[in-house]
Amino acid sequence: MPCGEDWLSHPLGIVQGFFAQNGVNPDWEKKVIEYFKEKLKENNAPKWVPSLNEVPLHYLKPNSFVKFRCMIQDMFDPEFYMGVYETVNQNTKARVLHFGKYRDVAECGPHQELDLSSPRSTTSERQTFYCVPVPGESSWVKEQAEKARVSPSTSYTPSRHKRSYEDDEDMDLQPSKQKDQHSGARQAGGLRGLHWCGEPKRLETEASSGQQLSSLDLSSPFDLNFPLPGEKGPACLVKVYEDWDGFKVNDVLELYGVLSVDPVLSILNSEERDASALLDPMECTDVAEEQRVHSPPASLVPRIHVILAQKLQHINPLLPTCLNKEESRACQLYTRRDVLPLGKFTVNLSGCPQNSTFTEHLYRIIQHLVPASFRLQMTIENMNQLRLIPHKDYTANRLVSGLLQLPNNTSLVIDETLLEQGQLDTPGVHNVTALSNLITWQKVDYDFSYHQMEFPCNINVLITSEGRSLLPADCQVHLQPQLMPPNMEEYMNGLLSAVLPSVLNKFRIYLTLLRFLDYNISDDITKAVEDDFVEMRKNDPQSITADDLHQLLVVARAGQTTLSRERWLRAKQLEYSRKNRLQQQKSVNGNEL
């Protein structure tokens with residue numbers, strides 16, 4: 001383990017040391033970042049940092065150094081906080097400077113009061129992201145990350161002070177005691193983002209107690225706003241202090257920072273809601289809803305004050321997080337020419353048995369191979385009822401997630417085998433249109449009520465259907481099964497169990513590395529392909545189009561770093577076999593493909 005555990009268990013103590021040495025000189029902030037960068041370069045140091053993805057929140061020590069693998073679901077407005085503030089001892093009149101960075105609540109010792117008028121105090125700005133675990137993250141990714149994790153000796157065992165029945169009864173009869181102990185917090189109400197706790201000893205309280213103190217009816221459960229159903233893991237309010245302009249919605253990040261789960265925040269947020277109700281009763285509901293969303297209980301949505309953050313090129317734990325030296329380079333199979341995505345390849349796998357478990361088992365195999373995926377069951381009911389497109393909620397001032405708010409390189413399996421006759425209503429038509437736009441243009445138009453905002457994406461789409469898909473696809477491959485096992489589930493389970501874990505990991509590494517391979521076509525091969533294309537057009541102008549040429553080049557590229565004459569001929573052969581199979585199926589079923 002890296003020598004010295006203070007940086008893991010007491011990172012704010014490290015920050016305090018640099019602040020004490022440099023005072024208001026801003027160099028202390030750069031030194032803090034460099035210190036933690038160097039610490040994480042030590043042997044296996046990142047494995048010693050507890051992760052919110054693997055460790056339950058109640059086992060993480062408050063104000064400890066943690067990491068979090070997440071996606072930016074929403075970006076809130078920037079907030080101001082007290083970067084440096086001064087306190088005055090009421091007995092000795094001694095003045096002490098404190099730093100407010102990486103904190104939600106200002107620390108004040110006994111008999112100390114905050115001097116808001118101090119000329120040495122400074123106001124700073126920080127950005128808040130609402131982050132969720134990576135949507136659709138495969139179970140093997142979590143398992144591999146859990147295996148790699150090393151539990152530090154500074155592990156935290158939560159303990160609670162047990163009160164007697166009389167103490168509980170006394171607190172019930174005098175609920176004002178809780179607020180009285182934190183009355184000093186209201187004195188700092190002029191500045192958002194950093195609250196002052198007048199007493200050094202805080203009251204331990206559950207998040208629900210903060211909600212009970214509110215006079216407004218906000219008893220509805222808090223929506224963590226996960227894009228996909230059934231997702232688990234904590235959502236976090238992430239406070240970013242440097243270079244936040246380099247991040248955008250749907251980016252996947254690995255964050256290192258200070259965990260803040262101060263129960264005082266629940267009481268302070270409750271008091272803010274009470275105050276807003278007194279200021280303007282007509283608007284109190286809207287204001288309270290925004291405060292509830294932007295300042296949820298810390299025990300439910302913890303805060304992370306970011307010291308280091310990096311944008312992840314992938315989430316495969318079997319590989320280093322950064323595979324290229326040029327971190328700004330996009331990890332995509334395709335590029336964009338104006339609005340046209342070049343190199344994307346959506347496959348429609350037709351001939352799948354209708355109303356069977358074939359697609360379900362096929363998806364299970366995909367889940368074992370790729371880091372993130374989702375299966376969308378395309379039924380009339382789902383299309384009419386599901387929320388695929390994210391939209392802006394102006395009352396709560398947040399982006400409400402949809403199923404298509406996915407990070408780049410997610411594998412989306414659209415299952416049409418369950419589709420039956422029925423009527424699509426207006427939301428259903430919008431959802432089908434959104435899927436078509438995703439496939440054709442690799443973009444999702446988020447709904448901001450008064451306008452649509454285009455969000456480019458890079459989603460790998462596979463469509464399974466009985467006949468030809470209702471959705472557009474770059475390539476339709478019709479199945480011709482050579483084997484029809486009587487028990488599909490038993491057969492698929494046998495296939496998965498037959499693959500050694502070491503071999504499965506090689507498949508996972510290979511599929512991830514494919515996206516990072518440099519690809520080039522020599523001048524000789526370029527000339528040969530051009531001549532071949534002209535010759536095919538000369539024989540039959542309808543046999544091949546520019547789009548067909550593009551598709552052939554994409555197929556020839558698969559798994560290669562350069563295009564050879566043999567690969568080009570193989571791609572043509574595959575395309576010829578694919579079209580022949582479709583023609584055979586058409587002759588059997590008439591016009592239906």
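The single residue among M488, M484, M492 that is free of Cβ contacts under 8 Å to residues at least 60 places away in the same chain and surrounded by fewer than 20 Cβ atoms within 10 Å (Cβ to Cβ) turns out to be M484.
Considering only residues that are surrounded by 12 or more Cβ atoms within 10 Å (Cβ to Cβ) and outside any loop (DSSP other than H, G, I, E, B), which ones fall in the stretch 555-568? Across the stretch 555-568, the qualifying residues are V555, A556, R557, T562, R565, R567, W568. Scanning the stretch 507-548 for residues that are assigned to a helix (DSSP H, G or I), of a type in the set (A, V, I, L, M) and either open to solvent by 60 Å² or more (accessible area, probe 1.4 Å) or in contact (Cβ under 8 Å) with a residue 12 or more places away in the chain (or both) yields I509, L511, L513, L514, I525, A528, V529, V534, A546.
When L323, L333 are checked against the criterion of being at pLDDT below 80, in contact with a Phe, Trp or Tyr (Cβ under 6 Å, 6 or more places away or on another chain) and farther than 28 Å from K61 by Cβ, L323 stands alone in meeting it.
Of all residues in the stretch 6-17, those that are in contact (Cβ under 8 Å) with a residue 60 or more places away in the chain have Cβ atoms under 7 Å from Cβ atoms of residues that are in a helix (DSSP H, G or I) and buried (at least 17 other Cβ atoms within 10 Å of the Cβ), 6 or more apart or on another chain, in L8/W48; V15/V32. For V32, the criteria (1) farther than 25 Å from C131 by Cα; (2) assigned to a helix (DSSP H, G or I) hold in every case but one, which is (1).
The listed residues are V503, V477, and the only one of them that is within 30 Å of Q313 (Cβ to Cβ), open to solvent by less than 70 Å² (accessible area, probe 1.4 Å) and outside any helix (DSSP H, G or I) turns out to be V477. So the check is Cβ under 9 Å with 6+ separation or different chains; which pairs have a first residue in the stretch 231-254 that's free of Cβ contacts under 8 Å to residues at least 60 places away in the same chain and a second one that's polar (S, T, N, Q) and buried (at least 19 other Cβ atoms within 10 Å of the Cβ)? Short answer, once both residue conditions are applied: D245/Q127. With respect to L403, is the statement that it is over 16 Å from the mean Cα position of the chain (by Cα) and modelled with pLDDT of 95 or more true? Here the answer is no, as L403 does not meet what is asked. Determine whether the stretch 381-403 contains at least one residue that is buried (at least 17 other Cβ atoms within 10 Å of the Cβ), of a type outside the set (D, E) and within 23 Å of L514 (Cβ to Cβ). Scanning the stretch 381-403, I find no residue that is buried (at least 17 other Cβ atoms within 10 Å of the Cβ), of a type outside the set (D, E) and within 23 Å of L514 (Cβ to Cβ), so the answer is no. Of all the residues that make up the stretch 388-404, how many are of a type outside the set (D, E) and either more than 16 Å from K443 (Cα to Cα) or part of a strand (DSSP E or B) (or both)? Count: 9.
Out of all the residues in the stretch 387-394, is one or more out of contact with any strand residue (DSSP E or B) (no Cβ under 7 Å at 6 or more places or on another chain), closer than 29 Å to T357 by Cα and modelled with pLDDT of 95 or more? Yes, that holds for at least one residue. The condition (being open to solvent by less than 40 Å² (accessible area, probe 1.4 Å), within 22 Å of the chain's Cα centre (by Cα) and under 29 Å from Q313 (Cβ atoms)) is satisfied by just one residue among P341, P371: P371.
Of all residues in the stretch 48-59, those that are open to solvent by 10 Å² or more (accessible area, probe 1.4 Å) and assigned to a loop (DSSP other than H, G, I, E, B) total 5. Residues of the stretch 92-104 include at least one that is among the aromatic types (F, W, Y), at pLDDT 95 or above and either in a loop (DSSP other than H, G, I, E, B) or surrounded by fewer than 18 Cβ atoms within 10 Å (Cβ to Cβ) (or both).
Only a single criterion out of (1) under 19 Å from I315 (Cα atoms); (2) touching a helix residue (DSSP H, G or I) at 6+ places or on another chain (Cβ under 6 Å); (3) among the β-branched types (V, I, T) is not satisfied by T410, namely (2). Note on the stretch 405-440: residues that are open to solvent by 10 Å² or more (accessible area, probe 1.4 Å) and in a loop (DSSP other than H, G, I, E, B) amount to 11.
In the stretch 577-588, the condition of being under 18 Å from V534 (Cα atoms) and either surrounded by fewer than 16 Cβ atoms within 10 Å (Cβ to Cβ) or among the basic types (K, R) (or both) is met by no residue. The sole residue among F19, F36 that is farther than 18 Å from V96 by Cα and either of a type in the set (F, W, Y) or modelled with pLDDT of 95 or more (or both) is F36.
The set of residues in the stretch 110-126 that are among the small types (G, A, S), open to solvent by 30 Å² or more (accessible area, probe 1.4 Å) and farther than 27 Å from V306 by Cα contains only S117. With respect to the stated conditions, A148 is of a type in the set (A, V, I, L, M, F, W, C) and either surrounded by fewer than 17 Cβ atoms within 10 Å (Cβ to Cβ) or modelled with pLDDT of 95 or more (or both). Confirm whether G23 is closer than 28 Å to P234 by Cβ, surrounded by fewer than 17 Cβ atoms within 10 Å (Cβ to Cβ) and of a type in the set (G, A, S). Here the answer is no, as G23 does not meet what is asked.
The values are calculated or read from the model by the stated rules, or taken from the named source; none is laboratory data. Treat the numbers as computed from the prediction; the structure is a model and nothing was measured. Note that each Cβ is placed from the backbone with ideal geometry, even for glycine, and that neighbours are counted across all protein chains shown. Note: accessible area is taken over every heavy atom of the protein model, side chains too, but ligands, DNA and RNA are not part of it. Shrake-Rupley method; radii C 1.70, N 1.55, O 1.52, S 1.80 Å.
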